[in-house]
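One structure below.
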Amino acid sequence: MFEEASEVFDNVFKSSFPLTFIVFIPAVLILVSPLPTEAAHEFTVYRMQQYDLQGQPYGTRNAILNTEARTVEAEVLSRRCVIMRLVDFSYERYQKALRQSAGAVVIILPKNMSTMPQDIVQQFMELEPEMLATETIVPVYFALEDDELLSIYTQTLTTSSSQGSSSAAEVLIHTATANGFQMVTSGAQSKAVSDWAITSLEWLSYGADSNGSGVSMLLELARLFSRLYTYKRTHAGYNLLFFVSGGGKFNYQGTKRWLEDNLDHTDSSLLQDNVAFVLCLDTLGNGDSLHLHVSKPPKEGTTQYALLKELETVISSQYPEVKFSMVHKKINLADDTLAWEHERFGIRRLPAFTLSHLNSHREAQRSSIMDVRSVSPSSRHGVGEPPAGPYVDLRKLSRNTKLIAESLARVIYNLTEKGAPGDLQIFTEQMQVQEEQLSSMVDWLTAQPRAAQLVDKDSSVVSTLEYHLGHYLKDVRRHYVKADKRDPEFVFYDQLKQTMNAYRVKPAIFDLLLAVCIAAYLGVIYLAIQHFGVLYGVVRRITAPKTKQH
């Protein structure tokens, strides 16, 4: 009876072994195989500016990326895409990535800049000019944070931090089992854009205070004075010319070429006949200070001096909370770039100055990506804590617009000599500054990419501003600037806005370990088959029932 049971067991074991062998191998491969490669996330990135100005290269020289992601905590960054959040950014970490020849650097920006601590924003703004001035072949991208991108960063940080473990075995096991991300950009290598024209409607991308505030103010001044100049009895003895200049961040190329066309290539123009003064508006959407920047102090008895005095009169009589001063700085032609736009006019012996709430042209916010319109509704109306970094306070922008309009009106109508008191207000009631229009214009300007490489003659930025100017002014024309082909003063490059894909992958060492495991498994199976008789005997002895001894 026991022998029959043993034979049945033997037959079952023999018949089931091939089936077990066939089923077991796929099960092992499924359990240990890597996750299939899949697109984990697709997001938009903005490459750091790349241009040449007066023969000097600026910014990143590369635009292609196809490499594995790491955070700066990893020991080895060579040929890796280094991801870092703005809150963790430092120049030392940035330089570490460059020194190790990283494949790329991706800086993740928060959606709402007002949530960032003031010291971090200020530190980054101070580093931006140095980053841009340092030519590098490592592509540098900026991306806005979202949940998936933050998850990618967190997983990559875990992988990178594990490389500093004390045990080599822990590092090997974690590296083999962790998920990685392959960062890939779409598009081709960046190349110079030939025959690109700067239209006189351009500033740094998304600049809110610099210089979206100045453009919004100029449009409002055009509206106010067009009302006055509509009627003969209120038409002043001065012609007013409004110019929205392009290429401001590229050494004021739009203004430079416009002056050349009006002074060097024509027999007669408004500029040659008589210019009382040129007033440039730059960064006027915040602060309780106003600075009149001049290259040469105006002489008493001139119209420029009259404007200076009228600004002082209006401020002391109507806006005593504003601190006003004149800042004198000579033009330094040895510098690669001019400090303020009025210096372009000063070089051509036209009396000019710049009004700004900044007391120095070196203020970081004039050319910072932190200058965005990401403020809370309470901050927009002057209530609550102000956000970190530069921003536009609509109440102060409206106040400054009214202040400048009143001062200009007192000059062109000669009100002081006519005995008008300092607190006399011209722009009231139906003629008052429209804060809602200023707000909508600033919001619209800061929602449009306005980098020179992105604004062509068919751009909505150009057509919309042209429409608004044409609504209040006569003979509105566009002015285009192209670089000289033989000796270009500026060269722009494409591929500023790209799509990046983060693909979820297993690290390369996983394939090696998987191959070792499969080889070991097949080796065991081979030995089991070769010595099947011995194995069968052992199994039979283990599973055979023990007989009772009587």
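Readers should treat all values here as calculations from the given coordinates under stated rules, not as data from a laboratory. Keep in mind the model is a prediction, meaning the values are calculated, not measured. Cβ: placed from backbone, ideal geometry, glycine included. Neighbour counts: every protein chain shown.
Work out the length of the dipole vector of the range 197-482 about its Cα centre, built from +1 on the beta-carbon of each Lys and Arg and -1 on the beta-carbon of each Asp and Glu, and round it to the nearest 20 debye. Don't skip to the end; give the middle numbers.
Working: 32 positive and 33 negative charges, 78 e Å.
That gives a dipole near 380 debye.
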About the Cα centre of the range 411-528, how large is the charge dipole given +1 on each Lys and Arg Cβ and -1 on each Asp and Glu Cβ? Please answer in debye to the nearest 20. 640
Ranking Leu311, Leu279 by Cβ neighbours within 10 Å, fewest first, what do you get? Leu279, Leu311
Whether the range 105-154 is rounded, prolate or oblate, judged on the alpha carbon gyration tensor where a/c under 1.5 counts as rounded: oblate
Restricting to aspartates and glutamates and to Cα separations under 20 Å from Lys299, and discarding same-chain partners fewer than 8 apart, the set is Glu310, Glu312, Glu343, Glu417
Within a Cβ distance under 12 Å of Tyr58, other residues only, what is the Lys/Arg minus Asp/Glu net charge? -3
The range 410-467 - charge dipole about Cα centre, Lys and Arg +1 at Cβ, Asp and Glu -1, debye rounded to 20: 220
Stokes-Einstein diffusion coefficient of the range 197-482, Kirkwood radius over Cα pairs, 37 °C, 0.692 mPa s, in µm²/s: 169
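I'd like the GluC sites (Glu not before Pro) in the range 74-144 restricted to DSSP loop residues with at most 10 other Cβ atoms within 10 Å, sorted by number. Let's see the in-between values first.
Working: sites: Glu75, Glu92, Glu126, Glu130, Glu135; in loops: Glu75, Glu135.
When the GluC sites (Glu not before Pro) of the range 74-144 are filtered for loop state and at most 10 Cβ neighbours within 10 Å, Glu75 remain.
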Along the charge dipole of the range 197-482, Cβ charges K/R +1 and D/E -1, which of Leu403, Ile331, Val215 sits furthest on the positive end? Ile331
Given a cut-off of 20 Å, name the pairs among Lys191/Lys256; Lys256/Lys482; Lys330/Lys402; Lys256/Lys330 whose C-alpha atoms lie farther apart than that in the structure shown. Lys191/Lys256; Lys330/Lys402
